[in-house]
Amino acid sequence: MGGAVLDDGPPGVKAPDGGWGWAVLAGCFVITGFSYAFPKAVSIFFKDLIQEFEVGYSATAWISSILLAMLYGTGPLCSVLVNRFGCRPVMMVGGVFASVGMILASFAKSITHIYLCTGVITGLGLAMNFQPSLIMLNCYFSEKRPLANGLAAAGSPVALCCLSPLGQSLQNQYGWRGGFLILGGMLFNCCACGALMRPLSTPTKSQMLEENTLLAADKPKAKKKLLDFSVFKDRGFVIYAIAASVMVLGLFVPPVFVVSYAKGLGYKDTNSALLLSILGFVDMFARPASGLVAGMKRVRPRSVYLFSFAMIFNGCTDIIGSQAKNYAGLVVFCIFFGISYGMVGALQFEVLMAIVGKEKFSSAIGLVLLMEAVAVLVGPPGAGQSRLLDATHQYMYVFLLAGCEVTVSAFVIATGNFLCIRREDGQAKIEMAVSAAELEGLNQAADEEHDGGKKEQTGKENGKVRVVKVQEDMTVTEAPEDTGN
């Protein structure tokens, strides 16, 4: 967990770190924007839904809650589908689900129909796009992966800045039914993004033989599991999953309540709504910048500590921002929260990729999202902060609780990594050093014997691995014994 592991994909298949990977990144950018911004964009239509179906605000709020629950809670199902059918077909089917759900919701006769269509069907479709897009991004990028993750994560604030005014305009011109219908048509673009997720081509046999000379003997490959629970044997993954589950309890609270916080201080609706625009604008630039920093040679092996710093930064911002008494204080809070929120968004999946590697990432992300789904329902959409607000009638305590939760999660991942993983990594480095020393000794012995005996073939290149020499020497020394028998 202290550093990035090597991606153990198919032999000879390397991440191109560019080329078609930029098209994959563009698709991931759009999918990330739809997945995170869409539940917030739907909330614009809540007033019309309340009047249409004569329900309360809490009833309409369940639409966004179900959307988020499907986005996070169906992670293991998406992992199974990706491991069985691949990323591209799963994403294209998911795009159809996401679009059809919104189109069907435009003909709804009750709020229950919207729960089913927008919440369940569209939520499942977005989940089937979000998770596979991150998996493909991990396949196409290795050296530039932190930057790629930061750029893809920037899709969330960009989409939020675009979808919110668009949704308001659609509501004013066409009503909520027309708005749902047009948004459903927009979600068909998820199919186009899914078509961009072209699998990496397998190299020819000759290329594979050249790149696999490091292997002294081929090991039989175990059949890939549809959902690999062995990730729970990795201490780093367990620590990350616990910390992430605690973090999401408070991470999404300020964007939900900051507008109401400003209104509670007596400011106009337009000025209050401007706070979200400020937050999103800063977040938009913070994510790619964080990806650049995380990709530096000295920083990348310690990306988990950078992630924990971002979480502490975010938590402390919430705690200090809870003391804001005027509009200027809230503006400063939104600027610093946007920076810290962008850092967390850019680093969370990069750190998970570094912990588990390419082979187990599809299962790991599904299991982490499932654990986070429970926490998301307990957070702002659920009863946690809402009950605290009802009891105190002050947003200060809501922000204090959120800041404490995020800060605790930062200490969990930082101390867990330092105490539980560092010793394990040190032991692994010692074993690697011993193995390297033994290998060097074998190579030196092989050189001495070859200098005194037969000459080596002149066709060998300087860049080839010298383990092959040791194998040739062993066959030469064993030959006389075989002839004697």
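Side notes on the structure shown:
Residues checked against (1) open to solvent by less than 10 Å² (accessible area, probe 1.4 Å); (2) among the small types (Gly, Ala, Ser):
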{"position": "Phe307", "(1), (2)": "yes, no"}
{"position": "Tyr327", "(1), (2)": "no, no"}
{"position": "Ile335", "(1), (2)": "no, no"}
{"position": "Glu350", "(1), (2)": "yes, no"}
{"position": "Ala354", "(1), (2)": "yes, yes"}
{"position": "Lys358", "(1), (2)": "no, no"}
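- Hey, Leu227 open to solvent by less than 40 Å² (accessible area, probe 1.4 Å) and modelled with pLDDT under 80 or not: yes
- Any chance Ile114 is open to solvent by 10 Å² or more (accessible area, probe 1.4 Å) and either part of a helix (DSSP H, G or I) or modelled with pLDDT of 90 or more (or both): no
- For the range 151-166, the set of residues classified as over 16 Å from Gly18 (Cβ atoms) and not polar (S, T, N, Q) consists of Ala153, Ala154, Gly155, Pro157, Val158, Ala159, Leu160, Cys161, Cys162, Leu163, Pro165, Leu166, listed by residue number.
- Within the range 164-193, being of a type outside the set (A, V, I, L, M), crowded, with 17+ Cβ neighbours inside 10 Å, under 16 Å from Val100 (Cα atoms) and within 26 Å of the chain's Cα centre (by Cα) holds for Gly184, Cys190, Cys191.
- Taking the criterion of being open to solvent by 10 Å² or more (accessible area, probe 1.4 Å) and in contact (Cβ under 8 Å) with a residue 40 or more places away in the chain, the residues of the range 117-129 that qualify are Val120, Leu124, Met128.
- Taken as a whole, the range 388-402 holds no residue that is surrounded by 22 or more Cβ atoms within 10 Å (Cβ to Cβ), at pLDDT 85 or above and touching a Cys at 6+ places or on another chain (Cβ under 9 Å).
The values are calculated or read from the model by the stated rules, or taken from the named source; none is laboratory data. In this text the structure is predicted, and so the values were computed from the model without any measurement. Ideal geometry is used to build each Cβ from the backbone, glycine not excepted, and the neighbour counts take in all protein chains shown. Side chains are part of the model used for accessible areas, which takes the heavy atoms of the whole protein and leaves out ligands, DNA and RNA. Shrake-Rupley method; radii C 1.70, N 1.55, O 1.52, S 1.80 Å.
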